[in-house]
1. Kindly put 80, 52 in sequence by how many other C-beta atoms sit within 10 Å of each C-beta, fewest to most.
2. Take each of the peptides 40-49, 131-140, average the number of other beta-carbon atoms within 10 Å over its residues, and list them starting from the highest.
3. Neighbouring Cβ atoms within 10 Å as the yardstick, rank 62, 183 fewest first.
4. Could you sort 108-114, 206-212, 18-24, 145-151 so that the peptide with the highest average Cβ count within 10 Å comes first and the rest follow in order?
5. Please arrange 125, 81, 158 by counting, for each residue, the other beta carbons lying within 10 Å of its beta carbon, fewest first.
6. Quick one: give the max-minus-min coordinate of the C-alpha atoms of the range 2-215 along each principal axis, largest first, in Å.
């Protein structure tokens with residue numbers, strides 16, 4: 001556990017080189033909320049853009065040739081991978097909380113009311129998108145690196161646009177989905193969390209396997 005924390009702190013230290021970019025990513029979605037006047041779209045936008053920063057630690061490591069440093073660390077490969085995933089999870093939770101506060105303030109400023117249901121729904125959608133994006137991105141970065149794997153950076157924005165396109169279809173009827181959720185809210189949340197945990201854990205296992213194979 002100590003080695004995982006050390007790996008997390010090392011990656012967190014590397015992110016300081018991108019602190020301006022991260023602050024920009026945190027603040028720019030507020031303007032999107034003011035235009036769209038929707039909390040759920042604002043949170044989705046925030047989590048999507050933050051997921052696009054998941055390659056920052058890989059870029060810094062490669063740019064400064066830190067692979068040797070990681071190689072001599074006493075932490076195991078799995079600990080280093082888990083540490084990076086844990087850091088990104090913490091960053092996602094921070095982004096969600098920050099965005100909920102800032103977006104709520106922005107919406108209240110333009111007299112748009114927000115309910116507890118809006119907050120819960122926005123949080124679930126936001127963390128769901130973030131976990132899915134991260135889970136697909138990181139194995140790609142571990143496999144191909146930040147340069148050859150740059151295409152993986154665009155997974156979040158492609159996913160976000162795809163969701164907007166699906167929701168915008170006039171003939172699309174999602175009433176059965178919303179009906180199921182409204183009738184079984186607790187069951188839905190439990191199933192969703194189990195799926196997200198399983199996806200995140202599977203991504204960690206795949207990334208660990210890739211890293212071990214690359215350095216064996």
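Derivation of every value follows stated rules applied to the coordinates shown; laboratory data play no part. Please read all numbers here as calculations on a predicted model, not as lab measurements. We place every Cβ from the backbone using ideal geometry, glycine too, and count neighbours over all the protein chains shown.
1. 52, 80
2. Those peptides, ordered most packed to least, come out 40-49, 131-140.
3. Going from least to most buried by this count: 183, 62.
4. 206-212, 145-151, 18-24, 108-114
5. Ascending Cβ contact count within 10 Å gives the list 158, 125, 81.
6. 54, 34, 32
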